[in-house]
1. Out of everything in region 17-48 that is within 16 Å of the ligand (Cβ to nearest atom) and not acidic (Asp, Glu), what residue ends up being surrounded by the most Cβ atoms within 10 Å (Cβ to Cβ)?
2. Can you run down the residue pairs with Cβ atoms below 8 Å, 6 or more apart or on separate chains, where the first is in region 19-45 and at positive phi and the partner is in a helix (DSSP H, G or I)?
3. Which residue pairs have Cβ atoms closer than 6 Å, lie 6 or more positions apart in sequence or on different chains, and pair a first residue in region 299-327 that is farther than 24 Å from ILE165 by Cα with a second residue that is surrounded by fewer than 19 Cβ atoms within 10 Å (Cβ to Cβ) and of a type in the set (Lys, Arg)?
4. Which ones in region 1-16 are buried (at least 21 other Cβ atoms within 10 Å of the Cβ) and closer than 10 Å to TYR102 by Cβ?
5. Do we find a residue being touching a residue at least 60 places away in the same chain (Cβ under 8 Å), in contact with a helix residue (DSSP H, G or I) (Cβ under 9 Å, 6 or more places away or on another chain) and among the small types (Gly, Ala, Ser) anywhere in region 82-102?
6. Answer yes if at least one residue in region 247-259 is small (Gly, Ala, Ser) and away from the ligand (no atom under 15 Å from the Cβ), and no otherwise.
7. So, in region 49-66, exactly how many residues are surrounded by 14 or more Cβ atoms within 10 Å (Cβ to Cβ) and closer than 23 Å to THR104 by Cα?
8. Does VAL221 satisfy the criteria of being surrounded by 15 or more Cβ atoms within 10 Å (Cβ to Cβ), part of a strand (DSSP E or B) and of a type outside the set (Asp, Glu)?
Amino acid sequence: MTLVNHRFTLAARPVGLPSPTDFQHGEAPVREPAAGELLIKNRYISLDPAMRGWMNDARSYVPPIKLGEVFRALAIGEVVTSNGAPLAPGDHVVGLFGVQEYATVAAKEATKIPPIAPLPVFLSTLGMPGFTAYFGLLDIGRPQAGETVVVSGAAGAVGAVVGQIAKIKGCRAVGIAGGAEKCAYLRALGFDAAIDYKAGDLGAALREHCPSGIDVYFDNVGGETLDAALARLAMRARIVICGAISQYNATGKMAGPANYLSLLVHRASMTGMVVMDYAARYPEAIAEMAGWMAAGKLTSKEHIVRGLAEFPRALNMLFAGENHGKLILEV
Ligand SMILES: NC(=O)c1ccc[n+]([C@@H]2O[C@H](COP(=O)([O-])OP(=O)(O)OC[C@H]3O[C@@H](n4cnc5c(N)ncnc54)[C@H](OP(=O)(O)O)[C@@H]3O)[C@@H](O)[C@H]2O)c1
């Protein structure tokens with residue numbers, strides 16, 4: 001009997017915030033795996049701000065999703081059938097399996113998950129967002145004990161890990177997030193200070209909480225927040241450009257930093273990072289972060305929305321700040 005696959009494809013390229021009509025929820029027969037392929041049943045699908053960029057017909061670090069193509073997504077699934085591949089039915093795997101119930105993929109596209117943490121954590125702190133925080137902060141930010149690390153989008157999947165690693169490395173960690181509840185969460189995680197960017201003057205708050213300036217600024221947000229951080233740099237500061245979520249739904253030109261000459265004044269650097277460049281080193285990040293988690297120094301938080309059909313609504317939660325932790329769709 002042929003299995004039916006429920007899936008989302010890209011129906012239209014959005015202008016501004018994606019709308020339900022930009023997605024097509026449909027069915028297709030499940031393709032049997034050929035030699036060396038796996039049939040995977042998806043359990044958890046990662047919802048990421050980057051998905052918004054993949055909907056645009058623009059040059060980027062990966063090609064855009066084509067119209068009519070299954071929506072690209074990282075996911076965790078269970079192997080149903082293995083056709084001569086070195087993985088067995090029942091194995092849990094992670095890979096780019098898409099926003100759908102089933103995926104038929106080459107075995108080399110699936111990575112087996114070790115049974116050391118609950119599955120969703122491998123889309124969160126022990127997965128892509130955690131790797132982004134780990135390599136972005138440690139390789140590009142290069143924080144030294146005693147320095148001040150500021151991170152925006154601090155209560156999110158990447159940001160919360162950045163701040164916690166900054167503390168592990170003996171730094172002062174300052175988080176910027178939207179709302180009192182998220183700021184209370186940051187303080188509970190051990191951040192030295194949390195700034196609610198919706199509540200008042202961000203520049204004044206950065207002056208108050210970073211008395212000797214910002215040594216490392218990990219930017220997830222861009223726009224006005226990046227400008228406020230540029231205005232508070234310490235000498236030889238490092239800025240990690242990880243993302244600019246405040247600009248992803250812009251219908252006009254993206255807002256660039258006006259205060260960029262602060263880089264000159266402070267002999268500072270601003271470097272972009274793409275997590276995939278570190279793929280060969282992911283096992284290193286998993287080993288060290290799993291150790292920190294076991295020692296109670298690193299907490300992982302996931303926000304799970306249930307039901308594949310919720311995909312369009314759930315994706316937009318990222319842009320409204322409605323997620324509390326790594327946003328994941330449970331199939
Ligand atoms: N370079 C890479 O390789 C890479 C890899 C992964 C992620 N990223 C980037 O890292 C950033 C964070 O991703 P994530 O997965 O950890 O998402 P997340 O932080 O878990 O969720 C997104 C958060 O962004 C904040 N936000 C939304 N609109 C905003 C706006 N206009 N201004 C300020 N904040 C806004 C919201 O938090 P508040 O409630 O606090 O506003 C929201 O909860 C994104 O920019 C993403 O593109 C980059």
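Each value in this text was obtained by applying a stated rule to the coordinates, not by laboratory testing. Small disclaimer: the values here were computed from a predicted structure and weren't measured. As a convention, Cβ positions derive from the backbone with ideal geometry for all residues, glycine included, and neighbour counts pool all protein chains shown.
1. For region 17-48, the residue satisfying everything is ILE45.
2. Qualifying pairs under 8 Å: GLY36/ALA107.
3. none
4. The one that is buried (at least 21 other Cβ atoms within 10 Å of the Cβ) and closer than 10 Å to TYR102 by Cβ: ARG7.
5. Looking for residues that are touching a residue at least 60 places away in the same chain (Cβ under 8 Å), in contact with a helix residue (DSSP H, G or I) (Cβ under 9 Å, 6 or more places away or on another chain) and among the small types (Gly, Ala, Ser), one finds none in region 82-102, hence no.
6. Checked region 247-259: at least one residue is small (Gly, Ala, Ser) and away from the ligand (no atom under 15 Å from the Cβ).
7. Going through region 49-66 one residue at a time, the tally reaches 5.
8. no
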